[in-house]
Structures are given as C-alpha cells and as structure tokens.
Amino acid sequence: MGLGTEPRLRHVALVALLLVVACTRQVESTNDVPPDRDPFDSATAVASFDTVWRLIRDTHYDRALKGLDWNALGAELRPRVVRAQTIAQVRTTLTELLSRLGDSHYSIIPREALPSADPSGSSPEVSYGDLGMDLRLLDGAITVTRLDTGGAAFAAGVRSGWIVESVDSFPVASVVSGARKLTGAKGRVAAIQAALAVSRRFGGASGTSVRVTMRDTADRLVDLTVERREAEGDVVRLGNLPLILARMDTARVLEPGGCVGVIRFTSWMPVLANRIERAVGAFGDCLGMVVDVRGNLGGVAAMVMGTSGWFLPTADTLGILRLRDAELRYVAIPHRVTADGRHTRPFDGALALLVDAHSASTSEIFAAGLQGTGRARVFGDTTAGQALPATLYRLPNRDVLMYAVADFVTGRGQRLDGRGVIPDEVVPVRRRDLVRGRDVALEAALRWMRGRQHRASSP
Amino acid sequence: MSQLSTQGSLVAHVSLVLAAAIAPSIGSAQGLPAAKDLIARYVAETGADAWKSHKSSRMKATMDMPAAGMSASMEVLHVYPNRVFTKVDVPGMGMMTSGFDGENAWSVNPMTGPRVLSGPELAAVRAESDPSASYSRQSADITSSETVEKTTLGGQECYKVKHTWKSGKITFDCFSVTDGLMVATQSRQSTPMGELEMLTTLSAYKDFGGFKRPTTLTQEVMGQQQIITISAWEWDNVDAKEMELPTEIKAMLTKK
C-alpha cells in the first residue's frame, strides 16, 4: 500500500521511474553552440567534483562501487580540480573519475551543449537542420549508411557508401584514428563516438551551409557545399538532456504472401508513442512487421513497456533494473484498446527487429526483451552495449552529470552493458552493399518472413 | 457544478471512520505518547476532517526535479469520498492521467499506454483515494498504529508512528514534537515496475479554508530530489465532466 499524506504521492515515484532515460547523446550540434564564455570559477568546479563524487557514492547500484576505493579515488583526483585553471581540465578529471567505474551512462554533458533554460517539451521553435544522412564507422572510414531522399545530402548527389573525409576543414581522420586502435566493447563505443562526432558537425541551423569533402563510390574525392535543411521530425527538450530528434518513418513492403510493415524511429521519445500505435494499427493486416531501431540511441526507457505491448499479449518481463536497494522490472503492457477507444489486441504476426552498433540503451532493452521472450527475431549488427538506465543531475557549474541509477539485466539475468544484444542473424553493414543500394539487414528479415510464411502454408 | 457526492456514500464513510476510531492503537514504547493521541492531535491541528463538509476539492501543484531540469504541472481532483482524477503534464513526456472511480483504478501515459490497475497498485490507489486514510489516518483499513520512536526527520524532532494495514503493509508517519504536524511519511510506493521505498518530508503547512495542508512535499528518488509545491486547494468546483474516464479506459472496462 503506497500511501502518502496527499493522495497522489505515488505519482512522484512513478514520474521518477518513467523519467529514467537510457540514451546516448544525440542531436546537439556543437557547431552552433556558443563557446563557453563564463569566467572560470574554481569554487563551483570543486563543488561540482564533490557533488559527482558524493552522488555516485550514495546512489551507485553496487554498494561496493565495483571494488573501487572511492575515498582514495576522490583524494587522488580532487586536488586536480582544485588546481584546475579551465573548465576543460575539470571535465577531464570528472570524466576520469567516472571512467574508473567502467560502465556506460556516466558522463559529463557540457553546459554549452544544453538547450536554453526554457523547458517546454517538444520544441517546434527550435531550428535544427542537418544533411539528412546517417554515418557509421566502417572499416576505419566514416561512411554514409542511409540517406533521406528529401534531405540536403541526397539532393546534393551524396549516396550510400560515400565516405566523409573532412567537414568544414575538420579532418575526419582526427576522430577516427583513436577508434581504429580499439577492439571489443571499447572499440564499439569509440566507433559510435567517432561517427557521432562527425554527424554533429553536419548539424546546425537550417539554411546555413557546410563544406564537406567526400569520397564517392568510385573513391573519387568530391567537394560539396551543402545547405542544411530543417530536420524531419520533432526536436524534443527533455529536462537537462541535449535536444533529441524524434522521427518516425514507415513503409509497407509487398511480399508474395502479403505485406510487411516497416517501422523505423530515431529515438524513444513519448511524442512518438501515438505514431507507433497508428503504424502498428495500419500494418495490423500484414503477415509481419519489422521494427528498425538501427541508429536509435535510446531515450525514455519506460517506453519499452508500452511499445512491447503492441507485440506481446502477456505482461512478460523485458528486463530487470537492479537498484541499490530494490529491484524493478520493465514488463510489457499489452494493448487491448486504441487511443480512440477501439478494442484491439497485440500484433501476432512475424516480428523482426533491425539493430546495429548504434542501437543503444533503450533500443537494446527493447531488442533484448523481445528477443528473450522469443517474440522477435533480431537481425543486424551487435548493438552498442550501452544499456544502463540513467538520470541527469545539474551540477553547481551548470554542466550536467548523467549517471546510472541501476544495473540492467535481461529477463534471463544477462547483463547487456559492454556486451550488447547479439542478433539471431548477424548481418554486418558493408560498404559494398551500401554502394549497391542494398539494405542487407532488412533483406535478411524479409527473407526470414518469406520462409516462415512458406513453411506455414506448406502442407 | 454537479452534485458529485451521494449522501449514501457519506454515511458509509462516517461508519468507516467510527470503526477506525475503535481500531486498536497498540501500547507505545515506554515514555512515548500513544499513537492515537498523536493522530488525534494532528487531526485537530490540521482540521483533517474538514473535507467532510465539502463535495469535492481541486489541488493545484507543481512537481519539480530541479537537478534533472524537469518541472511538471499537476492537478488532483477529488470528489468525496473516494473518486480521484489526477493530471500531471511533464514537458517532453506528455500528459499522464490516473484515477479511481470508487471501484476501478486506472492510468494513461505515453510510456505505458492505458492501464486498468489490479493487485497492489489497485490497493494502493484505493487507500490513497480514501480521505479518512490519506488526510487523517483514521481509516478502517488501518488495523493498528503504534508509536515506535522519537527521532529527527526533515530537520524536526518527531514521534514515529508505525501503521499496520489490513493488507499487511506497514507505513510510518512522523509527528512533530513541537506542533503535532506530520513532518514525514514513509511507505513503499507501488508502480507498474514494482515497489520503491519512499521517505517524504512535509513542510510549509498552510490553511485552505480551515484545512491545513503541507504545501511542500520533498522526496529523494535515485539521488534526485523531487519537490511537490501545492499552490492552491479549492473546494467544491469540480465538474462532473472533469471526472469522466478517458476514452481508452472506458473501452477497457467495457467487455468486448
């Protein structure tokens, strides 16, 4: 019985849980962010270090702090902040403190990267432009893996498989070289960071231009000046998170046995919930659906409960949050009615999920949950392995600490952080396929559905 | 405005309150005031039974998580004795509503979709919706109350009272040594994801027409301080239409 002195205290707990984010930083453009001009303040820098140190000591899911001598670590690093002369030095020290934990979702978000202080949810007034293309680090090169056909890059002639060499004189090799040296989980994270670092340089106010040197499919150098176009989708403000782009696309693919609905969304933002519902409803007559979370770096983690409920008829456990003093579960919440009050039921046709190395956090919780229940077959590349539920804390120096509030394991007790979701069918992204315009992960999913359909219809 | 409270339910409620009055209040630890006396003082100090002379109330509040940069507006409509409709609008997340119609508890939010609650969540909402429990701790659902210690919570010396509920759950309140007001409450909060232990400190009591309520309620969840600040408490201005079930919930409660 959760009783408070006022009848709705339960909401406070619920909102706190629903606010838990599991995402990697997304659309903020460091290009457009004015450089930090605040005078350096040593006192707030030290106070920020102390806040981070204390918050982690008091809230880390592992009371033993993974065996670290936290007091000694504080004693080792705090003097550096006391001596620091610049905000960059402070951030470097804080990042080192956080990195000792060896987990994802511990990071310092610079105040310059944050939206202005007028939190108003979905923000149509925010002008966010980009070139409309997705990038990945493939074989040591930042490669275009997907283009919006209505986007600026496509209009300028850029095609899948092109390689980015420089952006506004910024040599891409400078961010790629470090990532190339790393392997395993660290290599995956470094590859994401490298691709995002380049992507951010393409972001900026719509109408502004960016100069880019690329290598086309024949490996010829191409110099382009491309005007950014307004990004499709909603730019969402969510507390102290940097701006997040929420966009959804759908497609109906016709197959011999019927249609397959493809639903792709770029982040787990509540503004998309109704659109996901409508898309699932629109494809309800199809033999299968493909949910594409490639490049989806996460968002509001609780959305996995409602979204999974469009595909699961029972309240299956999707994953477990292990807090210091409690254990909570993400469970599927099966949908029985639509938003307009019509009776319905979860989709029971074939379900495929597409993931890649940029499917992180909430996307991993979703994919692991549906894979673990046996409801979905997962195709693509191993995911990011960045799957801790986290929240945000504004520090005295106005930077924001993102910190994990729980460990996360799948319904079968498997930890995802540092490991990722391993697809049932591993389909790596290769440049030669991109050049030919092929989406091999989607092709594999459709092939599986055709086989499933064939088996079902065979006598 | 519509007539929203029936005489019959009020009579039933008074019966419950009377029943609660004779529920056992276990002997307190030596030297501590009896729980029943602490509760009686609290009820007298706050006018906790004032709701009985009203048909409905509307509480307006903000819910802030300053460290996370979140601020939500909140409104709780209560048609006595036990019909409740809550709206919380969180920028970037959308409108979250929930309620209790005297029988069914429900919630709708963009993260989980519509839900009709059952089990511990239903029990929690049922208890929260009962003003004799939430305002004055005089519910028949509380089988015993016992003063367990003198402690300090929310910066104030207070007597901690342990309540045992019919369901077997245990909750705690702490009543100020100085003025008898409740300064903290501790319970396990039921959520769709499970239960979380919560300590809420209460302060800044204000009088709303003879009904004194704390207007600042502070909790700490996962390292985050969350503050509810009540800005208004209005009586008898809830329209029946405002209490209507959301379309999805109506459909869920209708057999297909």
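In nm, to one decimal, how far is the A:THR92 label point from the A:THR225 one, both placed 7 Å along Cα→Cβ?
Result for the modelled spin labels: 3.7 nm.
Set the Förster radius R0 to 60 Å, insert the Cβ-Cβ distance between A:ASP249 and B:GLN30 as r into 1/(1 + (r/R0)^6), and round the FRET efficiency to 0.05.
0.30
Between A:ARG412 and B:SER73, what is the FRET efficiency for a Förster distance of 41 Å, r being their Cβ-Cβ separation, to the nearest 0.05?
It comes out at approximately 0.50.
Count, for each residue of A:329-338, the Cβ atoms from other chains sitting within 10 Å of its Cβ, then give me the mean as a whole number.
What the average comes to for A:329-338 is 5.
With θ set to phi - 60° and the Karplus curve 6.51 cos²θ - 1.76 cosθ + 1.60, what are the ³J(HN,Hα) couplings of region B:238-249 in order, to the nearest whole Hz, using x for Gly and Pro?
Listing the rounded values in order: 8, 8, 4, 4, 5, 9, 5, 5, x, 3, 5, 6 Hz.
At a 1.4 Å probe radius, which order do A:ARG264, A:ARG430 fall into by accessible area, largest first?
I get A:ARG430, A:ARG264, largest accessible area first.
Hey, with R₀ at 30 Å, roughly what FRET efficiency would B:THR164 and B:LYS241 work out to, going by the Cβ-Cβ distance, to 0.05?
E(calc), rounded to 0.05, equals 0.15.
Peptide B:83-93: average number of partner chain Cβ atoms within 10 Å per residue?
6
Show A:GLU277, B:GLU234, A:GLU327 ordered by accessible area, largest first, where the area counts protein heavy atoms only and the probe is 1.4 Å.
A:GLU327, B:GLU234, A:GLU277
Using the Karplus equation 6.51 cos²θ - 1.76 cosθ + 1.60 (θ = phi - 60°), what ³J(HN,Hα) coupling, rounded to whole Hz, does each residue of region A:371-380 give in order, writing x for Gly and Pro?
Residue by residue, region A:371-380 yields 5, x, 7, x, 6, 10, 9, 9, 10, x Hz.
At a 1.4 Å probe radius, which order do A:LEU287, B:LEU217 fall into by accessible area, largest first?
Ranking A:LEU287, B:LEU217 by accessible area, largest first, yields A:LEU287, B:LEU217.
Checking buried surface per residue: for region B:167-193, which residues lose a minimum of 10 Å² accessible area in the protein assembly relative to the chain alone (1.4 Å probe)?
Those are B:SER167, B:LYS169, B:THR171, B:THR185, B:SER187, B:ARG188, B:GLN189, B:SER190, B:THR191, B:PRO192, B:MET193, which lose 10 Å² or more relative to the chain on its own.
Carbon and sulfur: what percent of chain A's accessible surface (1.4 Å probe)?
Carbon with sulfur: 49 percent of the solvent-accessible area.
Test of understanding: what is the full-extension gain from A:ASP340 to A:ARG211, defined as 0.36 nm times their sequence separation minus their Cα-Cα distance?
The A:ASP340-A:ARG211 span can extend by a further 41.7 nm.
In nm, to one decimal, how far is the modelled label at B:VAL177 from the one at A:LEU182, with both set 7 Å along Cα→Cβ?
With each label placed 7 Å out from Cα toward Cβ, I get 5.5 nm.
When Cβ neighbours within 10 Å are restricted to other protein chains, what is their mean count per residue of peptide A:259-270?
Average neighbour count from other chains, rounded to a whole number: 1.
Could you work out how far helix B:7-21 tilts from the main Cα principal axis of chain B, as a 0 to 90 degree angle to the nearest 10?
Around 30 degrees separate the two axes.
Provide the per-residue ³J(HN,Hα) series for region A:130-146, in order, calculated from phi with Karplus coefficients 6.51, -1.76, 1.60 and θ = phi - 60°, each as a whole number of Hz, with x at glycine and proline positions.
In residue order, the calculated couplings are 8, 9, x, 8, 9, 10, 9, 8, 10, 6, x, 10, 7, 10, 6, 10, 7 Hz.
Using +1 at the C-beta of Lys and Arg and -1 at the C-beta of Asp and Glu, which of B:GLY180, B:TYR135, B:THR201 has the Cα lying farthest in the positive direction of the dipole of chain B?
Result: B:TYR135.
Name the lysines eligible as straight-distance cross-link partners of B:LYS60: C-alpha to C-alpha under 21 Å, and not fewer than 8 places from it in the same chain.
Here the lysines satisfying the reach criterion relative to B:LYS60 are B:LYS52, B:LYS87, B:LYS206, B:LYS212, B:LYS241.
In nm, what is the difference between 0.36 nm times the number of residues separating A:ARG329 and A:GLU443 and their Cα-Cα distance?
That works out to 37.7 nm of additional length.
Could you do me a favour and compute the accessible area per residue for region A:129-230, 1.4 Å probe, result in Å²?
Here the per-residue accessible area is 44 Å².
With every protein chain present, what accessible area does A:ARG322 have (1.4 Å probe, heavy atoms only), rounded to the nearest 10 Å²?
It works out to around 100 Å².
What distance in nm separates the simple spin-label points at A:ALA155 and B:THR229, each placed 7 Å from Cα in the Cβ direction?
4.6 nm
Can you list residues whose amide H is under 5 Å from B:GLN189's amide H, if they're 5+ apart or on another chain and H is modeled 1.01 Å from N?
B:LEU196, B:GLU197, B:MET198
Accessible area lost on pairing B with A, both sides, 1.4 Å probe, Å² to nearest 100?
About 5700 Å² of accessible surface is lost on pairing.
Using amide H atoms built in the peptide plane, which far-off residues or other-chain residues are under 5 Å from B:ALA72 H to H?
Excluding prolines and chain starts, which carry no amide H, the hits are B:MET63, B:ASP64, B:MET65.
Determine how large the accessible area of A:TYR330 is when every protein chain is in place; take a 1.4 Å probe and give Å² rounded to the nearest 10.
Estimated to the nearest 10 Å², A:TYR330 gives 0 Å².
Might you work out the accessible area of A:ARG294 for me, using a 1.4 Å probe with all protein chains in place, and round it to the nearest 10 Å²?
Surface accessible to solvent at A:ARG294 totals approximately 50 Å².
The values are calculated or read from the model by the stated rules, or taken from the named source; none is laboratory data. These numbers were taken from a predicted model, which means no experiment stands behind them. No Cβ is skipped: glycine too gets one built from the backbone with ideal geometry, and neighbour counts run over all protein chains shown. Protein only, heavy atoms only, side chains kept; ligands, DNA and RNA dropped before computing areas. Shrake-Rupley method; radii C 1.70, N 1.55, O 1.52, S 1.80 Å.
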